[in-house]
Amino acid sequence: MGIHVVIQPAAGYGAEVVSPSPGIRQLIAGGEDATFVIQVPARIGGLTDAARFARSLAVAAIEFGDWCETQNRSRSFPFDSADGHRSNDTE
């Protein structure tokens, strides 16, 4: 049985590499409400597996980001903010 985590990013969400202690690095993604952490497995081959996973995640993230930007340019929504104002309103 797998675990599925769904994050719908809010403004301010992001990703970064942190070092919680010397010689340890983690990939952190999310924001104040939801965060996920990718760590190196403590086993032989863990560094290789983590590197492969991080690189494939980066490639997929770029593809997803490009798709989102394309969709954003090609769609028009009358109201897309919580306060009911058009996102391109200047008033």
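The values are calculated or read from the model by the stated rules, or taken from the named source; none is laboratory data. A quick note: this is a predicted structure, and the numbers were derived from the prediction, not measured. Please note: Cβ atoms are built from the backbone with ideal geometry, for glycine as well, and neighbour counts cover all protein chains shown.
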Any residue at all in segment 33-45 that's touching a Gly at 6+ places or on another chain (Cβ under 8 Å) and either in contact (Cβ under 8 Å) with a residue 60 or more places away in the chain or aromatic (Phe, Trp, Tyr) (or both)?
yes
Which of the residues that make up segment 30-53 are within 15 Å of Val18 (Cβ to Cβ), of a type in the set (Val, Ile, Thr) and part of a loop (DSSP other than H, G, I, E, B)?
Val40
For Ala34, are the conditions met, namely being closer than 19 Å to Val6 by Cβ, surrounded by 10 or more Cβ atoms within 10 Å (Cβ to Cβ) and at pLDDT 95 or above?
no
